[in-house]
Amino acid sequence: MHFQISAPDTGLQAALQRKIDQKTKPLGALGQLEDLALQAGLVQQSLEPRLSRPHLLVFAGDHGAARAGVSAYPQEVTWQMVENFLAGGAAINVFCKAHGLILAVVDAGVAHDFAPRPGLVQAKVAPGTANYLDAPAMSREQLELALERGASMARRLAGEGCNLLGFGEMGIGNTASASLLAHALTGVSLEASVGRGTGLDDAGLEKKRRLLAQAAARAGLPAGGADPLAALAEFGGFEIAMMAGAMLAGAEAGMLLLIDGFIVSAAALVAARLHPALVDYCVFCHRSAEPGHQAVLDALGARPLLDLGLRLGEGTGAALAYPLLQSALAFLNEMASFESAGVAEKS
């Protein structure tokens, strides 16, 4: 797939910075909110950036390796949680409702057949990936299909006036995939990148590390220097690949992208290795409690907005950070300047 993604034009940067600096506050006093306001203005090429039809998509997929014991939960929890999302009962439903985000759930590759209904996007590539302990998780054809379906979703939403896309995921075993991707793309050791996921005990964590070392040895990719699409095909999930495609098309369309935790960040790392300018469109929402997330954030040059010890996924960190972006645009667009308020500036 071909994407045209370039860094936002910086011609407006001086004017945006001047507008930020002239607000009735000491220089830099709103910290990262000032960076957010500047980023949004540059992405939208506007001195008055606005958020329009903000969506959060939760991409769901199953992993063949889940049945080998890389998670504390059985694989059936993936489809059961998708049903919970569709019934409005999950944390992400509550947070999106609280903050005015439009939520949809994408079946990227769940090992279950869902009845059509509002809020469900049916984009299944296959009922789960292959077991990457024995073979690549997906074929190159499946990978291309997942990327294309994700891209088409972002393009459709952009055509409907959406300029902010948040990302979440659901898939038993997908922290293991993210750990393998982090290892392949950043060189962080599996020891350092593999965490407890949904709550493994010490014995479960040791087994997970052993299994993932077996998968890495089978694939034989150079740790830290792997080709991003090769790594995604070897270890990824259909939900991770579909997110990467949606991120690339979203950036191409000039959207702001809300990047959630470890798994969403792993998808962003794949996308950014393909098109480095992607990171200019990304708002990194939080630092996960999963140990491998920091290595991925470092590789992306990211400074996340929140550090709340979250490890739920679903896009919950993205939904919680969204009001900070709203606040950044509110101060930029509505706060008085020294001149308009008649307040003396620092001498």
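The values are calculated or read from the model by the stated rules, or taken from the named source; none is laboratory data. Source: prediction; values computed, not measured. A quick note on method: Cβ atoms are made from the backbone with ideal geometry, for glycine too, and the neighbour counts reach across all protein chains shown.
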request  = Report the residue count in region 290-337 for those that are under 30 Å from Q80 (Cα atoms), of a type in the set (D, E) and free of Cβ contacts under 8 Å to residues at least 40 places away in the same chain.
outcome  = 1
remark   = Condition set over 15 Å from the mean Cα position of the chain (by Cα) and among the aliphatic types (A, V, I, L, M), scope region 52-74, selection nearest to G236 (Cα to Cα): answer is A65
task = Answer yes if at least one residue in region 63-83 is modelled with pLDDT of 95 or more, among the β-branched types (V, I, T), outside any loop (DSSP other than H, G, I, E, B) and surrounded by fewer than 20 Cβ atoms within 10 Å (Cβ to Cβ), and no otherwise.
result = yes
remark   = Log entry, pairs with first residue in region 224-249 being more than 20 Å from D107 (Cβ to Cβ), second being modelled with pLDDT under 95 and in a loop (DSSP other than H, G, I, E, B), beta carbons closer than 8 Å, six or more apart or on different chains, reads L248/M1
inquiry  = Quick check on my filter: what residues within region 306-320 are surrounded by 24 or more Cβ atoms within 10 Å (Cβ to Cβ) and more than 16 Å from A266 (Cβ to Cβ)?
reply    = T316, A319
ask   = Right, A249: surrounded by 23 or more Cβ atoms within 10 Å (Cβ to Cβ), under 26 Å from L324 (Cα atoms) and hydrophobic (A, V, I, L, M, F, W, C) or not?
value = yes
inquiry  = Checking the structure you have, find out if any residue of region 133-141 is buried (at least 23 other Cβ atoms within 10 Å of the Cβ), at pLDDT 95 or above and part of a loop (DSSP other than H, G, I, E, B).
reply    = yes
note = Scanning region 265-283 for residues that are among the small types (G, A, S) and under 9 Å from the mean Cα position of the chain (by Cα) gives S265, A266, A267, A268
